[in-house]
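Peer 1: Below is the structure I would like to discuss, written out as structure tokens.
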Amino acid sequence: MQPKQQALTHIVAGTLGADGASSMIKSMRSWTFLGLTLGVLALLAGAAAAQVGGQPVAGQIGLQQAATPVMEEIHTFYDWVNYIIIAITIFVMVLMAIVMIRFNRMSNPNPSTTTHNTFIEVVWTVVPVLILVFIGIFSFKLLFLQYQYPKPDLTIKATGNAWFWEHTYQDHDGATVTSNMLTDADMLKAKIGDDKFEAQYGNLEDTALSQALYKAAKPLWAERKLSRQLAVDNEIAVPVNAVVHMLVTSNDVIHGWTIPAFGSKTQAVPGRITATWFKPTKLGVFYGQCSVLCGLKHSAMPIAIRVVEQGVFDRWMAAVKADKMEDAGKILASAGNGDANKKIAKAKAGATAK
Ligand SMILES: [Cu+2]
């Protein structure tokens, strides 16, 4: 027996008796092993998930990779609150195990008749309050960060419609981009043309039609590197490292505007303007979805934001203003981000070194 375990056995034996303690510690060891294994698996899954930004990935555990300072803070908060939760859970499990082993009818035939213990009652009331206050302090700090609204470089108004989003660039003569979700049918039409599409699928209906379209379009999503149910016809763009104020409203029912990787979310209420802000520090495309159950096609109004370098943004904006949406789309699609992200990380590291 390891010295550490001996000490533990000694302590637990005080309450359990030697045999109970030894078997309990054995079972605790196997639980610890299982916990560690699960933890390592979760970390691996997290690492795998972290490589793909801007959207959920299969098997993901935890939050999407952070792309703004606010989301990084949310990650930190989420992580250590989780540690507190795990510690409390283990503590309660240990207490319950002690009660079940030490105080069952067989090992404790004559129960104590104690009903009150003022000291313990004060402790188990005050300690949880202190834990909650401690968490609350950091929770409020995070909340204030989300509502501090630094001076904006760009202000966009997002308007929810049943069932698509419009984004109006207030600083760019009200240039407006309307985004509709891409469907299987859109992908197929783009590939084979309207006439051929009509000939092939025109006589199908309902489930048969959706199934046929799903099957035929499946390889096209991978081919064009687009995410089904998240990709839109016209993405919007913002420059990297710009502070963006997003004013959110609705034309009809209540919708919800969010980009999880930005840590930004607010409701879109008709007749009102709500606001959120973000400062994206990574290039790439980031997806969100309508987050208030708004009706029939609630799931068909995603939000897609492409974070690009200022030069790309300027060219894209010029195309949007000229109403050349096809060109605008091509400008965004050709804005490679892998190398550029490395460049940003390098520049950041350089800045910190100085
Ligand atoms: Cu909606």
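The values are calculated or read from the model by the stated rules, or taken from the named source; none is laboratory data. Remember, it's a predicted structure, so these values are computed and weren't measured experimentally. So basically every Cβ, Gly included, is an ideal-geometry build from the backbone, and we count neighbours across all protein chains shown.
Peer 1: Out of all the residues in the range 196-212, is one or more surrounded by 15 or more Cβ atoms within 10 Å (Cβ to Cβ), among the aliphatic types (A, V, I, L, M) and either within 30 Å of the chain's Cα centre (by Cα) or part of a strand (DSSP E or B) (or both)? Spell out the reasoning first.
Peer 2: Start the filter on the range 196-212 by keeping residues that are surrounded by 15 or more Cβ atoms within 10 Å (Cβ to Cβ), which leaves 197, 201, 209, 212.
So of that shortlist, the ones also among the aliphatic types (A, V, I, L, M) come out as 209, 212.
So of that shortlist, the ones also either within 30 Å of the chain's Cα centre (by Cα) or part of a strand (DSSP E or B) (or both) come out as none.
So far as the range 196-212 goes, no, none of its residues is surrounded by 15 or more Cβ atoms within 10 Å (Cβ to Cβ), among the aliphatic types (A, V, I, L, M) and either within 30 Å of the chain's Cα centre (by Cα) or part of a strand (DSSP E or B) (or both).
Peer 1: Moving to a separate point now. Quick test for you: out of 306, 315, pick the one residue that is outside the structural domain of residue 56 (by TED's automatic domain parsing), more than 23 Å from residue 66 (Cα to Cα) and more than 12 Å from the ligand (Cβ to nearest atom). Working first, answer last.
Peer 2: Numbers: 306 fails: more than 23 Å from residue 66 (Cα to Cα).
From the options 306, 315, the qualifying one is 315.
Peer 1: On to the next question. Sort out which residues of the range 69-104 are closer than 13 Å to residue 142 by Cα and of a type in the set (Ser, Thr, Tyr), and write them in order of number.
Peer 2: Answer for the range 69-104, where residues must be closer than 13 Å to residue 142 by Cα and of a type in the set (Ser, Thr, Tyr): 76, 78.
Peer 1: Just give me the residues in the range 251-272 being touching a residue at least 60 places away in the same chain (Cβ under 8 Å) and exposed (fewer than 15 other Cβ atoms within 10 Å of the Cβ), in sequence order.
Peer 2: 251, 252
Peer 1: Among the residues of the range 273-300, write down those that are in contact with a strand residue (DSSP E or B) (Cβ under 6 Å, 6 or more places away or on another chain) and in a loop (DSSP other than H, G, I, E, B).
Peer 2: 273, 280, 283, 290, 291, 292, 294
Peer 1: Check the range 335-348 and report whether any residue there is closer than 19 Å to residue 57 by Cα, at pLDDT below 95 and in a helix (DSSP H, G or I).
Peer 2: So far as the range 335-348 goes, yes, one or more of its residues are closer than 19 Å to residue 57 by Cα, at pLDDT below 95 and in a helix (DSSP H, G or I).
Peer 1: Which numbered condition in (1) at pLDDT below 95; (2) closer than 30 Å to residue 269 by Cα; (3) away from the ligand (no atom under 16 Å from the Cβ) is the only one that residue 163 fails?
Peer 2: Residue 163 satisfies every listed condition except (3).
Peer 1: Still on this structure, please answer the following. For the range 246-297, which positions are of a type in the set (Phe, Trp, Tyr) and within 11 Å of the ligand (Cβ to nearest atom)? Let's see the steps before the verdict.
Peer 2: Filtering the range 246-297 for residues of a type in the set (Phe, Trp, Tyr) gives 257, 262, 277-278, 286-287.
The one that is of a type in the set (Phe, Trp, Tyr) and within 11 Å of the ligand (Cβ to nearest atom): 257.
Peer 1: Against the definition (modelled with pLDDT of 90 or more and assigned to a loop (DSSP other than H, G, I, E, B)), how does residue 110 come out, yes or no?
Peer 2: On the way: modelled with pLDDT of 90 or more: yes; assigned to a loop (DSSP other than H, G, I, E, B): yes.
Yes.
Peer 1: Suppose the filter is under 23 Å from the mean Cα position of the chain (by Cα) and within 19 Å of residue 262 (Cβ to Cβ); does residue 147 pass it? So that I can check it myself, show each step before the final result.
Peer 2: Working: under 23 Å from the mean Cα position of the chain (by Cα): yes; within 19 Å of residue 262 (Cβ to Cβ): yes.
In short, yes.
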